[in-house]
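Below is one structure, written out as structure tokens, with a few remarks after it.
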Amino acid sequence: MDKNDYRNTTYCESFELIKVKKSQLLSEIRKEHPRAIDLYDIVKEEKHKNKYYNIYNYKCSYCGASLLNMPRNYMEVDHFINKSSFFKASEAGKMENLVLSCFACNRLKSSFLLIGKYKELLFPDKEKIMNVFFRDNNYGIKIKKNYEKDLKINEFYNKLLLSSEFRKLDFLLLNLDGLSKDPKAKKIKEKLGYIKAKLLEKRNSIDIYK
Ligand SMILES: [Zn+2]
């Protein structure tokens, strides 16, 4: 499962059991807030935040960028299906609809309208999104053949700038983080640190709105 996930490098832990981990956190939250429907602000509270982020291994559920490589406030909680698509806006704050997203994905996705089968296909908590996108040999995120001509998938892909260079940089940084934790890389740790600093400098100079 892991190596098919465009959001993970070979060093990353897989996005497994998100549903199970979310329901565990939900039962903890329920002790304090037995009737709350909208959990958006609650999962962001300091005492729950780390546990919530941990469910996603501190990575964006859409692109896989790591919190290690961005300012702390650049990781956000996103309503997967936006509020206006719900009969009652509070329903959008249900645990299952809240996903971890980097600043870029959250802002770019904005009010993207998810309808019909796309609510399933693009839902980052499930494996289906791994059948839609893949990581090519050039570190880029690409649309799989089956969905190449799918307009809605293309719209999502373009809106989130998934083909942009900065997505490649995020992936390279993620690889470097993994590699530097490898005991075999001990001797080159300093060099890796230098490369990482250079890459981060480049990554942080990119303005997603340009
Ligand atoms: Zn992202």
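Looking at region 142-153, is at least one residue at pLDDT below 95 and in contact with a Leu (Cβ under 9 Å, 6 or more places away or on another chain)?
no
Go over the candidates K44, K83, K59, K88 one by one and state the one that is within 22 Å of K31 (Cβ to Cβ) and either basic (K, R) or modelled with pLDDT of 95 or more (or both).
Within the list K44, K83, K59, K88, the selection yields K44.
Which residues, counting only those in region 100-133, are hydroxyl-bearing (S, T, Y) and modelled with pLDDT of 95 or more?
The answer is S101, Y118.
Looking at (1) farther than 15 Å from V99 by Cβ; (2) out of contact with any helix residue (DSSP H, G or I) (no Cβ under 6 Å at 6 or more places or on another chain); (3) small (G, A, S), which is the only condition G140 fails?
The number of the failed condition is (2).
Just give me the residues in region 17-31 being within 15 Å of E127 (Cα to Cα) and among the aliphatic types (A, V, I, L, M), in sequence order.
The answer is L17, I18, V20.
Give the residue, chosen from E45, E91, E127, that is of a type in the set (D, E), in contact with a Lys or Arg (Cβ under 9 Å, 6 or more places away or on another chain) and surrounded by fewer than 20 Cβ atoms within 10 Å (Cβ to Cβ).
When all the criteria are applied, what remains is E91.
Taking region 78-126 as the search range and keeping residues that are part of a helix (DSSP H, G or I) and among the hydroxyl-bearing types (S, T, Y), which one is farthest from the ligand (Cβ to nearest atom)?
S90
When you scan region 59-77, how many residues do you find that are within 12 Å of the ligand (Cβ to nearest atom) and closer than 24 Å to K198 by Cα?
Residues meeting the conditions: 11.
The values are calculated or read from the model by the stated rules, or taken from the named source; none is laboratory data. The structure presented is a predicted model; accordingly, all values stated were derived computationally and were not measured. Every residue, glycine as well, gets a Cβ built from its backbone with ideal geometry; the counts of neighbours run over all protein chains shown.
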